[in-house]
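Just below is one structure, and these are the notes that go with it.
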Amino acid sequence: MTEGPSPVWVKSERQIHREAELRGRARRSVSIATASTLVVVVIAVVVVTASPGWPRVRETFFSPAAAMEALPDVLRGFLLNIKIFLIAEVLILALGLAVALVRGLRSPVFFPLRAVAVLYTDVFRGIPVILLIYLVGFGIPALQLQGAPNDPVTLGLIALVLSYGAYVAEVFRSGIESVHPSQWAAARSLALTHGQTMRHVVLPQAVRRVIPPLLNDFTSLQKDTALVALLGPLDALRQASIHTAMAFNYTPYLCSAVLFIALTVPMARFTDHLAERTARRQAGGGRG
């Protein structure tokens with residue numbers, strides 16, 4: 001007995017009309033958004049350039065000659081910012097995860113460790129980053145301890161790690177606590193220890209869930225690496241300050257800002273993409 005041809009789903013005329021209508025609405029929405037954006041940009045440009053102080057602002061902040069002169073040094077300093085960011089990111093992840101795991105220990109014998117972890121997160125989340133950089137950058141050398149670092153880059157790095165490690169620890173802890181208790185129960189029914197449950201069951205799910213907020217923190221971290229300039233390293237901000245002081249022109253600051261934007265904006269958009277994908281997956285009943 002020969003099988004007949006597989007059924008072919010044919011769209012009805014109503015479905016075709018509905019899809020065409022949706023495509024038309026999408027095109028109209030894009031057109032309206034583009035036109036309104038252009039109108040706003042044109043109005044902003046006209047208002048700014050027509051202001052009485054625009055010639056002075058253009059000379060002070062948008063000087064091509066000053067930009068070309070300062071850009072090589074500012075770019076060289078920006079590479080130091082990137083280096084600080086990459087090193088700090090690894091250390092922050094390790095510190096934040098360790099603190100989150102310590103706070104998850106329930107045995108009474110670990111109470112002193114839990115208390116230290118809670119105190120750490122409360123204290124270092126409460127101190128502004130700029131103030132912590134001053135305290136670490138000038139406080140540690142003042143102690144004159146044997147083997148204590150004196151390099152301003154290292155001291156700034158320590159301050160950033162201490163500050164952001166506290167925030168990342170809370171992000172990890174929220175991810176761990178978001179895992180459903182049934183996952184713990186299932187792991188225990190398989191005779192897994194607490195450590196095995198955390199390593200093989202809980203952490204993989206928690207890490208996937210906290211990737212978007214972690215990337216948000218690291219976007220802020222990239223910007224805050226400029227605060228290390230307060231201790232004297234020749235990063236992008238310090239190089240821009242030097243050229244500004246020599247030429248009495250603020251265009252080097254603009255060059256530094258553009259470099260930071262070129263790095264942080266793609267990170268922010270990638271974070272938004274991951275957050276939207278996670279939301280769609282959870283709305284569809286997929287694994288978080």
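Within the range 205-250, the set of residues being farther than 24 Å from A268 by Cα and aromatic (F, W, Y) comprises F248, Y250.
Hey, can you tell me all the residues within the range 22-71 that are among the polar types (S, T, N, Q) and either under 25 Å from P252 (Cα atoms) or in contact with a His (Cβ under 6 Å, 6 or more places away or on another chain) (or both)?
Of all residues in the range 22-71, those among the polar types (S, T, N, Q) come to 29, 31, 34, 36-37, 49, 51, 60, 63.
Residues satisfying the conditions are T49, S51, T60, S63.
For the range 237-256, the count of residues that are within 23 Å of the chain's Cα centre (by Cα), closer than 21 Å to F138 by Cα and either of a type outside the set (G, A, S) or exposed (fewer than 14 other Cβ atoms within 10 Å of the Cβ) (or both) is at least one. In the set (1) within 31 Å of the chain's Cα centre (by Cα); (2) modelled with pLDDT of 90 or more; (3) more than 30 Å from V161 (Cα to Cα), the condition left unmet by F85 is number (3).
State whether the residues of the range 140-150 include one that is touching a Gly at 6+ places or on another chain (Cβ under 6 Å), of a type in the set (V, I, T) and part of a helix (DSSP H, G or I).
So the first thing to find is which residues in the range 140-150 are touching a Gly at 6+ places or on another chain (Cβ under 6 Å), and the list is none.
Checked against the condition, which is being touching a Gly at 6+ places or on another chain (Cβ under 6 Å), of a type in the set (V, I, T) and part of a helix (DSSP H, G or I), the range 140-150 yields no hits at all.
Out of contact with any Pro (no Cβ under 8 Å at 6 or more places or on another chain), at pLDDT below 95, assigned to a helix (DSSP H, G or I) and over 30 Å from A229 (Cα atoms): does that describe R23? Against the criterion (out of contact with any Pro (no Cβ under 8 Å at 6 or more places or on another chain), at pLDDT below 95, assigned to a helix (DSSP H, G or I) and over 30 Å from A229 (Cα atoms)), R23 qualifies. Would you point out which residue out of G165, G156 is in contact (Cβ under 8 Å) with a residue 60 or more places away in the chain, surrounded by 21 or more Cβ atoms within 10 Å (Cβ to Cβ) and farther than 30 Å from P252 by Cβ? None of the others qualify; the one that does is G165. Restricting the search to helices (runs of 4 or more DSSP H) fully inside the range 162-254 and requiring at least 1 residues that are touching a Phe, Trp or Tyr at 6+ places or on another chain (Cβ under 9 Å) and among the charged types (D, E, K, R) gives 203-224. Inspect all residues belonging to the range 182-201 and state whether any of them is crowded, with 18+ Cβ neighbours inside 10 Å, within 16 Å of A94 (Cα to Cα) and aliphatic (A, V, I, L, M). Scanning the range 182-201 turns up at least one residue that is crowded, with 18+ Cβ neighbours inside 10 Å, within 16 Å of A94 (Cα to Cα) and aliphatic (A, V, I, L, M).
Go through (1) under 27 Å from the mean Cα position of the chain (by Cα); (2) in contact (Cβ under 8 Å) with a residue 12 or more places away in the chain for T197 and report which single condition fails. Single failed check for T197: (1).
What number of residues within the range 219-236 are crowded, with 21+ Cβ neighbours inside 10 Å and either without any contact (Cβ under 8 Å) to a residue 60 or more places away in the chain or at positive phi (or both)? The qualifying residues number 1. Among residues of the range 123-141 that are touching a residue at least 12 places away in the same chain (Cβ under 8 Å), those with a Cβ under 9 angstrom from a residue that is part of a helix (DSSP H, G or I) and among the β-branched types (V, I, T), sequence gap 6+ or separate chain, pair up as I133/V228; V136/I158; G137/I158; G137/V228; I140/I158.
Give L234, L227, L274 a once-over and let me know the one that is at pLDDT below 85 and touching a helix residue (DSSP H, G or I) at 6+ places or on another chain (Cβ under 8 Å).
On the way: L234 fails: at pLDDT below 85; L227 fails: at pLDDT below 85.
Every option except L274 fails the conditions.
The values are calculated or read from the model by the stated rules, or taken from the named source; none is laboratory data. None of the values given here were measured: they were computed from a predicted structure. Ideal geometry is used to build each Cβ from the backbone, glycine not excepted, and the neighbour counts take in all protein chains shown.
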